[in-house]
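A.B. asks: Let me begin by handing over the structure; questions about it come next.
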Amino acid sequence: MSKIKIAELFYSIQGEGRYMGVPSVFLRTFGCNFTCSGFGMPRGEKTKELNDIVNRVHYFKEYKDLPLVSTGCDSYASWHPSFKDFSPLLTVDAIVERTMQILPHNEWQDEHLVITGGEPLLGWQRSYPELLNHPSMQNLKELTFETNGTQMLGNEFKTYLGQWQNQGISLDRELTFSVSPKLPCSGEAWEDAIVPSVVVQYQSVGYTYLKFVIATEEDLADAERAVNEYRSAGFTGPVYLMPVGGVECVYSLNNRAVAEMAMRKGWRYSDRLQVPLFKNEWGT
Ligand code: SF4
């Protein structure tokens, strides 16, 4: 049986993107190909906040004891090697069993599944067919992968997902790729982060949109440049802008400005409801 290293598995309200407000199970896999240490920092600078936490790692007993950060990646514990022991390697059966326990009626009804990370489309994609074919998952109707848009789907997985669109199997599932490409404000290099061919591949098997995390006019100009590259490659889906801010004091500084930028561009605005509702605590 396949196993997946799980950083978090929890039930909450989806705070971002297409399914904002929908009750959702979040399966957060461990591992990422980026570090995004530039978020919330002056351009070109990298956060040192994470180094302090890494140096104190032995003070923390479990994942939810770890502090929230105001700069850099707000889900750092889902990929940094110093915290890997907080993320158990679980069998598909164990993941499904826990999922059923946290659903309010212990079965899928109107809830949506979010497979997130870290970067969920790294090697774990090989295990998802077994997870999604599990008998207890048959009533799941809506699934989103939250990805940074850099990982191609392997042939086998792409064929598997393509069957849903072609109704080759009896499942009637809506598949969404919520792609959050990392702009220069993340600290990642453009050529590593903006990979239009990957997003066009996702679009061939599921509903796909772009969601850019931004704060300034300079970030907006980067988002425009990226959208042009995606459009030139054949991407046709919608574009969202979402404010930087894993903690409320940062989020509330720029959410209105980002909403106004979205209106100006004719793009969509995505809130990050988990920040005002739940202070972005682990498990929300
Ligand atoms: S891609 Fe996402 S999970 Fe990975 S480091 Fe960046 S913000 Fe964090």
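A.B. asks: Residues of region 54-85 being away from the ligand (no atom under 13 Å from the Cβ) and of a type in the set (S, T, N, Q), which ones?
C.D. replies: Hits for region 54-85 are 55, 70, 82.
A.B. asks: Would you confirm, using the coordinates I've provided, whether residue 7 is open to solvent by less than 70 Å² (accessible area, probe 1.4 Å) and part of a helix (DSSP H, G or I)? Break it down stepwise before answering.
C.D. replies: Values: open to solvent by less than 70 Å² (accessible area, probe 1.4 Å): yes; part of a helix (DSSP H, G or I): no.
In short, no.
A.B. asks: Being open to solvent by 30 Å² or more (accessible area, probe 1.4 Å) and not basic (Lys, Arg) is the filter here; which residues of region 80-93 pass it? Break it down stepwise before answering.
C.D. replies: Start the filter on region 80-93 by keeping residues that are open to solvent by 30 Å² or more (accessible area, probe 1.4 Å), which leaves 80-82, 84-86, 88-89, 91, 93.
Within region 80-93, 80, 81, 82, 85, 86, 88, 89, 91, 93 meet the criteria.
A.B. asks: Another question, then. Residue 283 fails exactly one of the following numbered conditions: (1) surrounded by fewer than 16 Cβ atoms within 10 Å (Cβ to Cβ); (2) under 22 Å from residue 145 (Cβ atoms); (3) over 15 Å from the mean Cα position of the chain (by Cα). What is the number of that condition?
C.D. replies: (3)
A.B. asks: How many of the residues in region 101-130 are open to solvent by 30 Å² or more (accessible area, probe 1.4 Å), more than 14 Å from residue 283 (Cα to Cα) and of a type in the set (A, V, I, L, M)?
C.D. replies: The total comes to 1.
A.B. asks: Looking at region 250-280, which of its residues are modelled with pLDDT under 85 and open to solvent by 90 Å² or more (accessible area, probe 1.4 Å)?
C.D. replies: 253, 277, 279
A.B. asks: To continue, here is another question. Please go through region 86-135 and give me each residue that is within 16 Å of the ligand (Cβ to nearest atom), assigned to a loop (DSSP other than H, G, I, E, B) and in contact (Cβ under 8 Å) with a residue 40 or more places away in the chain, ordered by number. Explain how you work it out, then say what you get.
C.D. replies: We begin by selecting, within region 86-135, every residue within 16 Å of the ligand (Cβ to nearest atom); these are 86-87, 114-125.
Next cut, assigned to a loop (DSSP other than H, G, I, E, B) only: 87, 117-122.
Scanning region 86-135 gives 87, 117, 118, 119, 120, 122.
A.B. asks: Further question: Go through (1) in a loop (DSSP other than H, G, I, E, B); (2) open to solvent by 60 Å² or more (accessible area, probe 1.4 Å); (3) within 16 Å of the ligand (Cβ to nearest atom); (4) under 17 Å from residue 187 (Cβ atoms) for residue 51 and report which single condition fails.
C.D. replies: If we test residue 51 against (1) in a loop (DSSP other than H, G, I, E, B); (2) open to solvent by 60 Å² or more (accessible area, probe 1.4 Å); (3) within 16 Å of the ligand (Cβ to nearest atom); (4) under 17 Å from residue 187 (Cβ atoms), just (1) comes out false.
A.B. asks: Hey, another quick one. Which one of these is in contact with a helix residue (DSSP H, G or I) (Cβ under 6 Å, 6 or more places away or on another chain) and either in contact (Cβ under 8 Å) with a residue 24 or more places away in the chain or under 29 Å from residue 63 (Cβ atoms) (or both): 180, 204, 270, 186? Working first, answer last.
C.D. replies: Details: 180 fails: in contact with a helix residue (DSSP H, G or I) (Cβ under 6 Å, 6 or more places away or on another chain); 204 fails: in contact with a helix residue (DSSP H, G or I) (Cβ under 6 Å, 6 or more places away or on another chain); 186 fails: in contact with a helix residue (DSSP H, G or I) (Cβ under 6 Å, 6 or more places away or on another chain).
Going through 180, 204, 270, 186 in turn, just one is in contact with a helix residue (DSSP H, G or I) (Cβ under 6 Å, 6 or more places away or on another chain) and either in contact (Cβ under 8 Å) with a residue 24 or more places away in the chain or under 29 Å from residue 63 (Cβ atoms) (or both): 270.
The values are calculated or read from the model by the stated rules, or taken from the named source; none is laboratory data. The shown structure was predicted, so the numbers you read here are calculated from the model rather than taken from an experiment. A quick note on method: Cβ atoms are made from the backbone with ideal geometry, for glycine too, and the neighbour counts reach across all protein chains shown. We work out accessible area using only protein heavy atoms, side chains counted, and drop any ligands, DNA or RNA first. Shrake-Rupley method; radii C 1.70, N 1.55, O 1.52, S 1.80 Å.
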